[in-house]
């Protein structure tokens, strides 16, 4: 590849594509797929989020995509929702180090995610606010609510300009959180549910996700990390015969056989992906690679 | 380390422990922790299962542990439950290869997990049987059921001698599947729910898991792979101040910051683990390492 | 981080640096370190190359850096030299796939590196040319030659405009290949040595590398992949009290204890690196990450 | 798989083999291959050592195999030789932690390998002893010596009962160290060479390794970690049409295209391995997996 000072990211990606082998070919191909997903009116795009995507700095990258309707839905872990809400409530994480003593941090009321620290006080504040926001939702709604409906409610009440949940609500884009109960936020939902009506129904979420994908002419998916979000967005598309295009960024490896590290091709045999032509897996850190892919794709497509 | 032909696994583990550094130290320490978890009446032990644990051959390893009450609970992905039910219904997976054409497999009605193939026909048979078994559950139960209650019902009806679900039912040990809807089995539950009453309530599961751990004098956890099962079993123990001992086997890496690859120590800062002394992480394939750890630990404890 | 369509890579890197945690912080920091290494006259910079850096498309990225004297030396595996020479002789690799049958490829005279194919015929042509070029080197030189001297000779004779060896020769920058004998090129050197005088002396290389680093005001190193090149460039700097700045890109992991996956910090305890302030490790694919880092650093420094 | 308390490792391996897929199948197959390599008189076996194999506790595992002539040669990094010599001189490593401050360790004269600490004083003692041992080698020998010849000399003079070098010398089994200069020991060799005659010739090593493999009816290789040792042992066998059997244990991944993480099958296309039937790769930590594989294989073969 030939690179020159001042070259645009899209041009670098083109140079990488020309290498035709190894990592650069996959990066280059991914940019091509993403730019088609962003440019074509036919595509409805879904993103799955696992790992510290929000605390890793991609919050506004995602809200920009939502705000410009380049995404039709997101499937996320509860942790990313928790962090979005913490930030919407004005809490910031602290910068630590991966070699800190966790027992000492515990004593200081700090919890660690690699080199990032969260104050227990912020988590307590989230609890109070969650109860407050839940109380404002009519009990009849709470009796059988989808996670995306609940998160829209939170987004509406939080009014965060850079909040994933608020922007998603504003644009009526569902944020699915099938494992919402499995998070710090989820603990609050659970304790609330012990004294109040709250029934989160993942089947309502799944129906919505299946309907959305079924009605789409073409479906593209962006997979950041693995876990349930990856599996969920893919399995929901099996009813329409699979997705049309997919880009995956992960550091998990395939040999153990888990879904997180599985190559996208494997999903063809399950009917979750249509064919090989529009697939790219990049072995890397999603919080580094995704912003670069996105910028390169946007340069080619001018959606905003 | 000194090893000799005919040496017992427990002795090899002791030799590894003596190395005191790197991988062998962790393997040796894990055997010591596990044997204490198995030997002491004070310990209630929980296991989390992510990745192809059941299709990877650990099904009977797990049923033996359940049958001898060495486990007090399991938290698993829906995929492992799906495979346990497929096998209980008499279906066997086929042996393939990780380089096969997935499009060709799709045409032949075969779905792939690394080098393992599942017949679509088996999955259709599971659907039929799931409906049949669900219909036998009283509608009032189905209106608000925990995943562990549902799986006990399936276990009771399946009557598989080597089935995880059946043995768990026989021994009244809950198998929690917080993401049960996100699996091939989950698709059947979802379609059933569209015409029939079925309301799976993860809060019921969580209450049970928290109660179980809260009532335990000591809690030990075995973590095979990452994902929601790992996070779930740990977060449930934060109400009792954390688990007392933990062994983790994973190929995921820590630098990305995801919970799956996080070192156990990190959970101390979240109050999910009590302290450093009884923790061991082994970087490796759980389907290879766990049977070896278990055998070595059993040699020291004579529980059965 | 905030990213905007058309943003320069350097600005994206600045946004990543502001995240202050996880992968983005490391990417951002690496750009800062690299730009200082490129901008400051005090710095002599060395690069280590392991893995398919040349066939992965970084050949001209490297020759540009050499041509503008932004590098003072390179330490590489024999494979990268082999591929540079193959390309200088006019041979191109073919595009294959990582799932091809290797036995079938063998029959067709093709050898595989992941999804890249090399013609055996090209390798035979390299053999012929290597003999020819060796014969032109005076026997007295061949009696005790450093790898960098030998490679300068090849570079001089090959005259490839985009050849690493030729550009390095033109700019009098040594390319060290301490394991040159361990490569396809090395086989040719070995067979030549059985009938002709050829004595490659790694101590001559090491003396040159130590002298170069010793005479430098400051030393910066760029580590692409691990292996002997990484270790070699670091150990040579222990005589001057360690390097001043280092950027590492690798997919290898630390827990096994091997030098390839070791964090840069570890080298401080060996006196190979001076301190923590100017170190950055990015977990990722060097053939994807390095061009992006380089472009971002060049934007800030205007060296060419 | 079915496992029972008190089961032999060989029986566990057989149970794993029966799983036929994923990690257990590879572990089981590897035991079968190793036991054939150990039992058959036709096989000459070579082992490659990269990463902290000796400090990781495998020193006596290896010396036992050498002592019983189950290995015909070893190819190692300089680091493993360095550690063997340190231990033969009576130095022991200390137990540290991977989160220690490297700057603080440096001040205390300790160098770190993950969680293992080496005293700088021990390294100084090695220097003194290396000079002493070198001085006893006749200058004519030193003028053109292979690494295996040099290491036999060291082994003869060290007289360590558990020393890899000493036992290899006693049994006349060559230990090749193609990158011997790239290690702490190598620094001593280099400084010695500046004032004294010392010319280490890797071509002499390679000739010996090629001859040994060429004369063997069948060749089996055991690959612990990647790096130059892995590549070297394989490329030397290309002259005889490839090895007949190979077992590889590594944590490196394939997607980057480097030789360290490459699947064994790839080497078939290069003529370094004959065919697919007797190959097994285990993704794991060699210091944990190899002793277990060895014990299981020895149980089946009764060689000592």
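The values are calculated or read from the model by the stated rules, or taken from the named source; none is laboratory data. Just so you know, these numbers come straight off a predicted model, no measurement behind them. Because the Cβ atoms are built from the backbone with ideal geometry, glycine has one as well, and the counts that use them run over all protein chains shown.
Looking at D:102, D:84, just one residue is more than 13 Å from chain B (Cβ to nearest Cβ) and touching a residue at least 24 places away in the same chain (Cβ under 8 Å), and that residue is D:84.
In summary, helices (runs of 4 or more DSSP H) completely within region D:120-199 and bearing 2 or more residues that are surrounded by fewer than 20 Cβ atoms within 10 Å (Cβ to Cβ) and within 13 Å of chain C (Cβ to nearest Cβ) occur at D:120-135, D:184-195. Scanning region D:237-255 for residues being part of a loop (DSSP other than H, G, I, E, B), touching a helix residue (DSSP H, G or I) at 6+ places or on another chain (Cβ under 9 Å) and surrounded by fewer than 24 Cβ atoms within 10 Å (Cβ to Cβ) gives a total of 3.
Scanning region C:266-279 for residues that are part of a loop (DSSP other than H, G, I, E, B), at the interface with chain D (Cβ under 9 Å from one of its Cβ atoms) and surrounded by 21 or more Cβ atoms within 10 Å (Cβ to Cβ) yields a single hit, C:270. Residues of region C:246-260 that are free of Cβ contacts under 8 Å to residues at least 60 places away in the same chain, closer than 23 Å to residue A:284 by Cβ and within 9 Å of another protein chain (Cβ to nearest Cβ): C:250, C:251, C:252, C:253, C:254, C:255, C:256, C:258, C:259. Only a single criterion out of (1) touching a strand residue (DSSP E or B) at 6+ places or on another chain (Cβ under 7 Å); (2) closer than 12 Å to residue B:85 by Cα; (3) surrounded by fewer than 21 Cβ atoms within 10 Å (Cβ to Cβ) is not satisfied by residue B:117, namely (2). Just to be sure I understand, how many residues within region D:280-292 are crowded, with 24+ Cβ neighbours inside 10 Å and either more than 8 Å from every other protein chain (Cβ to nearest Cβ) or out of contact with any helix residue (DSSP H, G or I) (no Cβ under 9 Å at 6 or more places or on another chain) (or both)? Final tally of qualifying residues: 1. For the criterion of being within 20 Å of residue D:186 (Cα to Cα) and over 24 Å from the mean Cα position of the chain (by Cα), residue D:108 fails. Going through (1) modelled with pLDDT of 95 or more; (2) at the interface with chain A (Cβ under 8 Å from one of its Cβ atoms) one by one, residue B:218 falls short only on (2).
Quick one: in region C:66-81, of everything that is within 13 Å of chain A (Cβ to nearest Cβ) and not in a helix (DSSP H, G or I), which residue is surrounded by the fewest Cβ atoms within 10 Å (Cβ to Cβ)? So the residue we want is C:68.
Evaluation of residue D:258 against the conditions (1) touching a strand residue (DSSP E or B) at 6+ places or on another chain (Cβ under 8 Å); (2) within 18 Å of residue C:261 (Cα to Cα); (3) not in a strand (DSSP E or B) shows that the sole unmet condition is (1). Within region D:20-32, the residues that satisfy the criterion of being crowded, with 22+ Cβ neighbours inside 10 Å and either free of Cβ contacts under 8 Å to residues at least 12 places away in the same chain or more than 17 Å from residue D:284 (Cα to Cα) (or both) are D:21, D:22, D:25. Examine region C:50-65 for a residue that is touching a strand residue (DSSP E or B) at 6+ places or on another chain (Cβ under 9 Å), away from chain A (no Cβ under 13 Å) and in a helix (DSSP H, G or I), and state whether such a residue exists. Checked against the condition, which is being touching a strand residue (DSSP E or B) at 6+ places or on another chain (Cβ under 9 Å), away from chain A (no Cβ under 13 Å) and in a helix (DSSP H, G or I), region C:50-65 yields no hits at all. Does at least one position in region D:224-236 carry a residue that is surrounded by fewer than 24 Cβ atoms within 10 Å (Cβ to Cβ), at negative phi and at pLDDT 95 or above? Among the residues of region D:224-236, not one is surrounded by fewer than 24 Cβ atoms within 10 Å (Cβ to Cβ), at negative phi and at pLDDT 95 or above, which makes the answer no.
Taken together, the criteria place residue A:263 among residues that are at the interface with chain B (Cβ under 10 Å from one of its Cβ atoms), over 19 Å from residue B:80 (Cβ atoms) and outside any helix (DSSP H, G or I).
This table checks each residue for (1) under 20 Å from residue C:88 (Cβ atoms); (2) touching a helix residue (DSSP H, G or I) at 6+ places or on another chain (Cβ under 6 Å).
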{"residue": "C:167", "(1), (2)": "yes, yes"}
{"residue": "C:179", "(1), (2)": "no, yes"}
{"residue": "C:190", "(1), (2)": "no, yes"}
{"residue": "C:196", "(1), (2)": "no, no"}
{"residue": "C:203", "(1), (2)": "no, yes"}
{"residue": "C:209", "(1), (2)": "no, yes"}
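Screening residue A:44 on (1) under 15 Å from residue A:249 (Cβ atoms); (2) assigned to a strand (DSSP E or B) shows it passes everything except condition (1).
If you go through region D:1-48 and pick out every residue that is farther than 30 Å from residue D:148 by Cβ and more than 13 Å from chain B (Cβ to nearest Cβ), you end up with 1. All of (1) surrounded by fewer than 16 Cβ atoms within 10 Å (Cβ to Cβ); (2) in contact (Cβ under 8 Å) with a residue 60 or more places away in the chain; (3) under 29 Å from residue D:68 (Cα atoms) hold for residue D:208 with one exception: (1). Just so you know, in region C:32-41 the residues that are part of a helix (DSSP H, G or I) and touching a strand residue (DSSP E or B) at 6+ places or on another chain (Cβ under 9 Å) include one that is nearest to residue C:220 (Cα to Cα), and it is C:37.
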